[in-house]
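A.B. asks: The structure is given below, and queries will be raised subsequently.
Read-outs: derived from the displayed coordinates by stated rules, not from any lab. The structure displayed is predicted, hence computed values, not measured ones. Cβ atoms come from the backbone with ideal geometry, glycine included; neighbour counts cover every protein chain shown.
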Amino acid sequence: MRNWLNNLNKQQKFPPLLSRGLLYSLSSARDPNPGCWRIFGYLILVLLLTSSCSGSKKNELKVGDTAPNFKVADIKGNPVYLDSFRGNPVIIRFFVTDCKYCKADTSVFNEYFNKHKEDGLQILYITTTADHKLVSNFSDDLQIPFPVIIDQDAIVSKLYNIKIVPQTIILSPDHKIVSAILGGVGKAELEELVGIYFNKQQ
């Protein structure tokens, strides 16, 4: 099944690209009832596959495509322009404030960012949660050191066809889409997908 899903990732548009992340999430999700989470994950996968066959041509993103550019502002009012990070790997994390899985692995992103920020790593946390105070509290409580963005009118989410969170998009230094991960992300996953760019610098 894993080989079939890997082949699907290379051929299909989002959201089927998320299948690899689903497999990872099902094996590593921090949940007291992993059996239920596994069943839930496969149900989501079926729904995503069904939606991919609907014939829609909108937002046909796949691995290897250039990531859509966007210009927004973070919760501190600082402008964030994706193209300004060209030449550096970028991790784009879509989340909502009341999602326990979005909170559970934020420390992993924090640690990885602090480890590689001098190497040029960029991480963006993007949410459609409109309440500025909730988002600010989320950022402060989890001590997030990188930009946190409120996605007004879901403009960025629509660009990337985000339907379910948490979802993580990995971009290469030339801003090609490397992977999309649905669910939890671990250190090993980041090292596999992003660490290769830092190893080349050493």
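A.B. asks: Calculated FRET efficiency, I155 and D119, Cβ-Cβ r, R0 25 Å, to nearest 0.05?
C.D. replies: Plugging the Cβ-Cβ distance into 1/(1 + (r/R0)^6) gives 0.25.
A.B. asks: Now for a different question. How much net charge surrounds D83 when only other residues with a Cβ under 14 Å from its Cβ are counted (Lys, Arg +1; Asp, Glu -1)?
C.D. replies: Residues close to D83 contribute a combined charge of +2.
A.B. asks: If we count every other residue with Cβ under 13 angstrom of Y112's Cβ, Lys/Arg +1 and Asp/Glu -1, where does the sum land?
C.D. replies: Neighbourhood net charge equals -3.
A.B. asks: Please find the FRET efficiency linking T97 to N199, where r is the Cβ-Cβ separation and R0 is fixed at 25 Å, and quote it to the nearest 0.05.
C.D. replies: Here the calculated transfer efficiency is 0.15.
A.B. asks: What number, in percent, do you get for the relative contact order of the stretch 131-202 if the mean sequence gap of Cα pairs under 8 Å and at least 6 apart is divided by its residue count?
C.D. replies: Normalised by residue count, the contact order of the stretch 131-202 is 19 percent.
A.B. asks: Apply the Karplus curve 6.51 cos²θ - 1.76 cosθ + 1.60, θ = phi - 60°, to the phi angles in the stretch 120-125 and return the couplings in whole Hz, x for Gly and Pro.
C.D. replies: These are the phi-based 3J(HN,Hα) values: x, 4, 10, 10, 10, 9 Hz.
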